[in-house]
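For reference, the structure discussed in these notes is given below.
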Amino acid sequence: MTLLKPLAERMRPTSLEGYFGQRHLVGPEGVLRRMIEQQRLPSLIFWGPPGVGKTTLAEIIARSLDTSFHSLSAVHSGVKEVREVLERIGGEQAGLFGRSIRPILFIDEIHRFSKSQQDSLLGAVEQGLVTLIGATTENPSFEVIRPLLSRCQVYTLEPLGAKELLGLLEHALTTDEQLRTRHIELRETAALLHLSGGDARRALNILELVTLSSTADPLVVTDALVSSLVQTNPLAFDKGGELHYDIASALIKSIRGSDPDAAIYWLARLIEGGEDPSFIARRLMISAAEDIGLANPNALLLAEACTASLERIGWPEGRIPLAETVIYLACSEKSNSAYLAIDRALALVRQTGNQPVPLHLRNASTSLMKDLGYGSDYRYPHNAPGHFLEQQYLPEALRGQQLWEPQPHSAAEQQLDERQRKRWRR
């Protein structure tokens, strides 16, 4: 008895005509379609989330160009396996003399290859022994070594849209040898599309699960039926992956842009994706200091209180102080003057080196230091009217440097600046 392949495998297309999605690459004017038509193919890296057709597209390209296709998984292969497959490809080259299309070496999850493993590919790619096609779910500019990346064209594959997913599912119902024998109606598709999350493989797996769950004929697929069978979180993400950082970045930028609706949305995305609440709280403290700062010092206090609340009340109730803090930060007056000031100061230190501390500011902790004049001319501000007196605090070579520049739109900072101007008679 022959075991039946999963539906997603049975529906794997063998030509561009049966390929769903990525019209920007394989449509009538798509760059990959033109490459195939012109019989010219550079090394490529396909970057996109799972289930959008990276492996399938590589196989279709090899079949369309009538060239050999060699596949490795970065999870199960090391330098030894890479060298072995390159040796096999080298043996093929004798029979391919004069051909413009080289054998294709496909490496799935190339971002999991170490630097030494990626280095082992360089020679073969440089010498034209193979055309490399790598597939990755992570940003290749972070995960692929620069010499290899510079020899590849990077193309982004997008999650499939609702129209494309529905077209794929209808195609499966009418062409698959098992499903076309039954009367299956997709009456409601919202749950199926939501749980698929733009992943063609997941969509087909859900459809297969639903059809296997019942022998009813006709079978009516509804949202309630799909939801009762599928227990998954389509919004979860790899906490070390790029999507994790992209959503966190969107949250902070929405706070900085004073949009509480967008900020609370991205907070919800982090929460539903399974993010560690303490990570979110740390990011909010940074935002409070960097983007709000002296315009509203209470923002940092609230962010710190939010962190303490999370530790005391736990989860899921901790989502409430997180939401309160996000909305407060987004609605608060903004200033990055402290952030800019410390960066200016660091740049000045790097530029001017180790400037000596003025003698009157030095601490005379020994009699020798006192004899040398350490601290002798220091004047104690609290003994002066208003607890202020004018003296030099910067190194002499930096006299007059202004590193903190108050923001003109911040009422709180303008108050601070006015006080300073009166003190220093600026």
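Couple of notes before you dig in:
- Residue exposure sequence - Asp377, Asp66, Asp259, Asp199 - by fewest surrounding Cβ within 10 Å: Asp66, Asp377, Asp259, Asp199
- For region 352-367, the residues whose amide N sits under 18 Å from a probe point set 7 Å from the Cα of Trp424 along the beta carbon direction are 358, 361.
- Candidate aspartates and glutamates - alpha carbon under 12 Å from Lys115, same-chain residues fewer than 8 apart omitted: Glu143
- Candidates Gln38, Phe106, His76 compared by Cα position along the dipole of region 20-110: farthest toward the positive end lies Gln38, with charges placed on Cβ.
- 10 Å Cβ shell holding at most 16 others, DSSP loop, GluC sites (Glu not before Pro): longest site-free stretch of the chain: 30-176
- Once Rg and Dmax of the Cα atoms in Å is calculated for the structure shown, the corresponding label among (i) 27.3, 80; (ii) 31.2, 102; (iii) 35.8, 111 turns out to be (ii).
- Spatially proximal aspartates and glutamates relative to Lys422 (Cα-Cα < 20 Å; intrachain offsets below 8 disregarded): Glu390, Glu405, Glu413
- Using alpha-carbon coordinates, inclination of helix 298-313 to the longest axis of the chain, degrees: 60 degrees
- Förster radius 35 Å - calculated FRET efficiency between Arg23 and Ser228 (Cβ-Cβ, nearest 0.05): 0.55
- Shown here: region 351-426, whose C-alpha atoms stretch 50, 37, 18 Å along the first, second and third principal axes, sorted largest to smallest.
- Residues Ala305 and Ser214, FRET efficiency given R0 of 41 Å [Cβ-Cβ distance, rounded to 0.05]: 0.20
- Only Cα pairs under 8 Å and 6+ residues apart enter the sum, and on that basis the relative contact order of region 362-426 stands at 18 percent.
- Length-normalised contact order for the chain - Cα pairs under 8 Å, 6+ apart - percent: 12 percent
- Computed from label points 7 Å out along Cα-Cβ, the spacing between Glu9 and Leu368 is 8.0 nm.
- Within region 242-331: Cβ-based charge dipole about Cα centre, in debye rounded to nearest 20 (Lys, Arg +1; Asp, Glu -1): 120 debye
- 10 Å beta-carbon shell around Thr14, net charge (K/R +1, D/E -1): 0
- The alpha carbon centroids of region 1-75 and region 298-346 are separated by 46 Å.
- Least to most buried among Ile89, Ile104 (fewest other Cβ within 10 Å first): Ile89, Ile104
- Rounded to the nearest whole Hz, the Karplus-based 3J(HN,Hα) values (6.51 cos²θ - 1.76 cosθ + 1.60, θ = phi - 60°) of region 108-121 follow the sequence 7, 6, 4, 5, 7, 6, 6, 4, 5, 5, 5, 4, 5, 8, with x at glycine and proline.
- Sites excluded, chymotrypsin sites (Phe, Trp or Tyr not before Pro) in DSSP loops with at most 15 other C-beta within 10 Å, longest stretch of the chain: 98-377
- Modelled label positions at Ala397 and His360, each set 7 Å beyond Cα in the direction of Cβ, lie 2.1 nm from each other.
- A Förster radius of 60 Å combined with the Cβ-Cβ distance from Glu177 to Gln415 puts the calculated FRET efficiency at roughly 0.20.
- Counting every other Cβ atom within 10 Å of each residue's Cβ, Cys331, Cys152, Cys306 order from fewest to most as Cys331, Cys152, Cys306.
- Fully extending the segment from Ile101 to His387 would add 94.8 nm, taking 0.36 nm per residue of separation and subtracting the current Cα-Cα distance.
- Note on Lys80: aspartates and glutamates with a C-alpha under 14 Å away, same-chain residues under 8 apart excluded, are Asp119.
- The equivalent ellipsoid of region 224-377 has semi-axes of 46, 16, 16 Å, largest first, where each one is the square root of 5 times an eigenvalue of the Cα gyration tensor.
- The Kirkwood radius of region 22-156, taken over pairs of alpha-carbon atoms, gives through the Stokes-Einstein law at 20 °C and 1.002 mPa s a diffusion coefficient of 143 µm² s⁻¹.
A short reminder: the numbers here are calculations on the coordinates, not readings from a lab. Here the structure is a predicted model, which is why all the values come from computation and not from measurement. Every residue, glycine among them, receives a Cβ derived from its backbone with ideal geometry; neighbour counts consider all protein chains shown.
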